[in-house]
Amino acid sequence: MSFQAMAWAVKQRLVARDKLVLLMLANYASNERGDCYPSIDLLCEECGMTRNTIRTALASLEEAGLIEVRQRSVEGVNLSNVYRVRIDGVGQNLTQGGGSNSGRGVGQNLTGGG
């Protein structure tokens, strides 16, 4: 677990759905690069959300530039994605077009919808 990633995630202004998923990813993030590998099913169980809700949150976080998502497979078998929590721009050069803070939920009133 990365305490730095958790502290960073707490400070992000996000709707509750996105913040909980970001906190869960930060909880699993490595100290070195911020990488983690939780499955969608694990995120569903630990966040108490449906698969569609988790996918929506992940897309929102990726669009906002807060995480990077890479799909993995070995010989046609899908593995869990690699998620990189992007503290201080870590991993920016690994995404196409860099990150932005224009995603849904970023900077919105915390009581607003997402």
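The values are calculated or read from the model by the stated rules, or taken from the named source; none is laboratory data. Here the structure is a predicted model, which is why all the values come from computation and not from measurement. Cβ: placed from backbone, ideal geometry, glycine included. Neighbour counts: every protein chain shown. SASA here: full protein model, heavy atoms, side chains in, ligands and nucleic acids out. Shrake-Rupley method; radii C 1.70, N 1.55, O 1.52, S 1.80 Å.
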For the structure I just gave you, tell me whether A29 is buried (at least 19 other Cβ atoms within 10 Å of the Cβ), within 16 Å of D88 (Cβ to Cβ) and in contact with a Cys (Cβ under 7 Å, 6 or more places away or on another chain). yes
Yes or no: the range 67-78 includes at least one residue that is at pLDDT 95 or above, part of a strand (DSSP E or B) and of a type in the set (V, I, T). yes
Test of understanding: among R13, R55, R17, which residue is surrounded by fewer than 14 Cβ atoms within 10 Å (Cβ to Cβ) and not acidic (D, E)? R13
Name the pairs: first residue in the range 1-30 and within 15 Å of G48 (Cβ to Cβ), second residue in a helix (DSSP H, G or I) and among the hydroxyl-bearing types (S, T, Y), Cβ to Cβ under 9 Å, at least 6 apart or on different chains? R17/T53; R17/T56; R17/S60; D18/T56; D18/S60; V21/T53; V21/S60
Is at least one residue of the range 79-87 open to solvent by less than 60 Å² (accessible area, probe 1.4 Å), in a helix (DSSP H, G or I), at pLDDT below 95 and in contact with a helix residue (DSSP H, G or I) (Cβ under 7 Å, 6 or more places away or on another chain)? yes
When the residues of the range 1-57 are narrowed to those that are in a helix (DSSP H, G or I) and among the aromatic types (F, W, Y), which ends up nearest to the chain's Cα centre (by Cα)? Y28
